[in-house]
1. Go through the range 23-63 and name the GluC sites (Glu not before Pro) that are in a DSSP coil and have 12 or fewer other Cβ atoms within 10 Å of their Cβ.
2. Pop the C-beta distance of ASP274 and ASN247 into the FRET formula with R0 = 25 Å and round what comes out to the nearest 0.05.
3. Considering every pair of different Cα atoms, what Kirkwood radius, in Å, is found for the range 377-487?
4. Please give the FRET efficiency for GLU302 paired with LEU180, using the beta carbon to beta carbon distance and R0 = 45 Å, rounded to the nearest 0.05.
5. Among residues other than LEU345 whose Cβ falls under 13 Å from its Cβ, what is the net charge (Lys/Arg +1, Asp/Glu -1)?
6. Compute the distance in nm between two label points, each set 7 Å from the Cα along the Cα-to-Cβ direction, one at LYS349 and one at ASP487.
7. Based only on the alpha carbon positions, what is the Kirkwood hydrodynamic radius of the chain, in angstrom?
8. Residues of the range 413-447 with the amide nitrogen closer than 20 Å to a label point 7 Å from the Cα of THR454, along Cα-to-Cβ, please.
Amino acid sequence: MKIVVLAGGSGTRLFPMSRKKYPKQFLKIGDEKSLFQKNIERNLLAVNPEDLIIITNKDYQFHIKNQLSELFPSLFTIHNSQLTVHNSPFNLILEPVGRNTAPAIALAAKFVLEKLNASEDEVLFISPSDHIISPIEKFAEYMKKAERIAKEGYIVTFGVRPTKPETGFGYIEADTTNPLFNDSTNQPSNQSYKVKQFHEKPDLETAKEYLSKGNYYWNSGMFAFTVKTIFEELKKHAPEIYEKLENKKFEEVLENFESMPDISIDYAVMEKTDKAVVLPLDITWSDVGSWDAFYEIMEKDEKGNVKMGNVIDIDTRNSLILGNKRVVSTIGLEDLIIVETDDVLLIAKKGKGQKVREVVKKLKESKKFKHLTEFHTTVYRPWGSYTELEKGDRYKIKRITVKPGEALSLQFHYHRSEHWVVVKGTAKVILEDEKGELKEFFIHENESIYVPKTRKHRLINPGKVSLEIIEVQVGEYVEEDDIVRFDDRYCRKVEDEGG
């Protein structure tokens, strides 16, 4: 079995924690590990690292690298689209553009067949990277059971037994009158059923009706099938995708990926196929698809509150309060969602978490606030990160952190000069002089260097600890797109933003 980890989603429903350039699968909210990292650990209970295929977009590749290196802190490299940890490859596919789950799965299936030399009978388990599942050992048993069913030519979808009338999930209606598979225990949790129908997210009354009937399950978005089966079903139900794969090499499919339709696997195949089987899950599962869902899965205090950060609450009940740097004080509140970041404060009535997407939509339509949907005040780059501390009409102040051994690109700026003060570590600075020659300087803690406009420069961390500097930019234009790159070890394009 090969596991395909879908790690390219933008995750707008957990705004303001989640932003386009740092979506929810990479967040560490109240935990030392992100949802992506937990996904990898969970999947490694069922397969070896070389049987994992991670598919994401090019903007997230360095988040993937950084978070895998935290799990496996030995020598870590990216080479020929493979992330190598402990000499075992984690296969990485970089989508040139987002095209939803159906094209992503088709691309991954082509990769498995061609690059991993698998047969058409190889089972693929499709695993979204942003779910919470426990206990993970029991889930690994379900994965093995799904593998056996998939080998019979079925498409297995995992259905979660609903615990309440949830309106934020799609539902699977199962034909429970005729179990497809029984094992020796003959218990409901060990049975699989043919799918009668998939249903869109219902209103509350319909969700209550589904719950009362007992044969409706939450659609988890996880699937299992063989390469042969998914190709057959794509050919039958989504020929506009299959024709992009047929008689093509993987590189050709990737090159023409942008021409694929933007469609989910649910719409493209699952709602049309007659091979769909639902495997009910009797475990704890959440797609963390809203702040309401996050509240449900977190441990609560004696007043029903979930609190993180600097929070002081008085007579506050059944609320989610996520503080950041400031102290968040609440008095006499009930059933609220409060999420504070450096640049955004979200306050919502509990039960209205799905409407966060509407807030994001309005922000995207605003020229003044659109950037809030893209970036945090802390922005992650392949070499480290930077945090915007203050910005004025003709200046910007940043804290820049460069990881050991990493380097920013060789670059210059047309509209701003920069002043760097080292506060931790040692900086190696390459700076062009008046004659156009590149000179090398070492700047230590409490020392500084001035970088004039239109002078080529590069910041490098040659040491064993993280390098931290305070950068003061001054000029008529201090936005991130004022950058001309001449050399970049991370193969970023000249027009890409950032250092």
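Every number here is computed from the coordinates shown, using simple stated rules; none is lab data. What you are looking at is a predicted structure, and each value in this text was computed from that prediction instead of being measured. As a convention, Cβ positions derive from the backbone with ideal geometry for all residues, glycine included, and neighbour counts pool all protein chains shown.
1. Those satisfying the criteria are GLU32.
2. It comes out at approximately 0.40.
3. 14.0
4. E(calc), rounded to 0.05, equals 0.50.
5. -1
6. Label at LYS349, label at ASP487, 6.0 nm between them.
7. Final number for the Kirkwood radius of the chain is 25.0 Å.
8. In the range 413-447, the label zone of THR454 (backbone N under 20 Å from the point 7 Å along Cα→Cβ) covers 413-419, 431-439.
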